Every structure is written in C-alpha cells, then in structure tokens.
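Q: The structure's right below; bear with me while I get my questions together.
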Amino acid sequence: MHLTKYAKPYSISNNNMEPFDTIDKWISEHGSASILRDHIALLKSQMSAKDAEIKNLQKVENNRAVSDDTCPYCQQQKGKLIDIRPNDELGELGVKNRYYKCENCGKEYNITQIPKF
C-alpha cells in the first residue's frame with residue numbers, strides 16, 4: 001500500500017502518533033468531502049422536485065380561468081389565456097396582468113388580477 005501520495009511518509013524521528021494523525025486528518029478531510037457531496041446531491045434533488053412542482057403549478061395557473069374573463073369586445077366567455085406577467089406598477093405586491101385572446105372574435109385583452117390577502 002502506497003500512502004505517500006496522500007500522507008507524509010512515516011519517520012521514526014517524529015512522534016509515534018504522526019502516521020495516525022495524518023491518516024485521521026486525511027479521513028476527516030475526505031470524509032467531509034463525501035458528506036458535502038451527499039448534501040449537494042440532496043439539495044439538487046430537492047431543487048429538481050421544487051422545479052417540477054413550480055412547473056406543475058404554473059400549468060394549473062395558466063389553465064385556470066378567471067371568473068371575469070368575459071371578452072370586453074363580444075361579451076362572450078371565450079377568452080383563452082395567453083400569458084401572465086407581473087403588473088408594471090404593482091407587480092412587487094403580487095398584482096398580475098392576465099393576457100387573453102378571445103376564441104370568438106379573435107381580439108386580445110388583459111385583466112388585472114389582484115391577489116387575495
């Protein structure tokens with residue numbers, strides 16, 4: 001077994017515990033790296049799960065109709081949701097603009113959605 005790559009060679013002139021101290025230090029350092037690697041892998045899997053959950057919630061949000069989605073032009077509830085974006089002035093407070101295209105008359109319109117607190 002060749003340890004000189006990882007640890008200082010054992011010398012009789014040094015303290016008799018030196019090889020054990022060196023090996024213990026090496027195990028501690030590499031053990032810590034192993035723990036960090038496992039922790040990073042756990043965090044990556046949690047992030048992937050959260051990303052999937054966010055995408056699923058976005059799909060649900062995009063497919064959910066708002067009760068006020070009546071087209072202001074033809075007065076039909078035929079608005080197909082195109083996009084949701086934060087409101088320019090109040091987006092930081094959770095206010096969103098929902099953009100629709102009417103499947104009846106073809107015109108586009110938007111509705112400002114105020115969050116419920």
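Q: Can you pull out the residues in region 85-112 that are of a type in the set (A, V, I, L, M) and assigned to a strand (DSSP E or B)?
A: Within region 85-112, ILE111 is the sole residue that qualifies.
Q: Tell me whether region 95-117 contains one or more residues that are among the hydrophobic types (A, V, I, L, M, F, W, C), touching a helix residue (DSSP H, G or I) at 6+ places or on another chain (Cβ under 9 Å) and under 17 Å from GLN58 (Cβ atoms).
A: No; the residues of region 95-117 include none that is among the hydrophobic types (A, V, I, L, M, F, W, C), touching a helix residue (DSSP H, G or I) at 6+ places or on another chain (Cβ under 9 Å) and under 17 Å from GLN58 (Cβ atoms).
Q: State which residue is modelled with the highest pLDDT when the search covers only region 92-110 and only residues that are of a type in the set (S, T, N, Q) and touching a Lys or Arg at 6+ places or on another chain (Cβ under 6 Å).
A: Among those that are of a type in the set (S, T, N, Q) and touching a Lys or Arg at 6+ places or on another chain (Cβ under 6 Å), it is ASN97.
A quick yes/no check of all residues on (1) surrounded by fewer than 13 Cβ atoms within 10 Å (Cβ to Cβ); (2) in contact with a His (Cβ under 8 Å, 6 or more places away or on another chain); (3) modelled with pLDDT of 85 or more:
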{"site": "ALA7", "(1), (2), (3)": "no, no, no"}
{"site": "PHE20", "(1), (2), (3)": "yes, no, no"}
{"site": "ILE35", "(1), (2), (3)": "yes, no, no"}
{"site": "LEU42", "(1), (2), (3)": "yes, no, yes"}
{"site": "SER48", "(1), (2), (3)": "yes, no, yes"}
{"site": "VAL60", "(1), (2), (3)": "yes, no, no"}
{"site": "ASN63", "(1), (2), (3)": "yes, no, no"}
{"site": "CYS71", "(1), (2), (3)": "no, no, yes"}
{"site": "LEU90", "(1), (2), (3)": "no, no, yes"}
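The values are calculated or read from the model by the stated rules, or taken from the named source; none is laboratory data. No experiment lies behind these values; they were computed from the predicted model shown. So basically every Cβ, Gly included, is an ideal-geometry build from the backbone, and we count neighbours across all protein chains shown.
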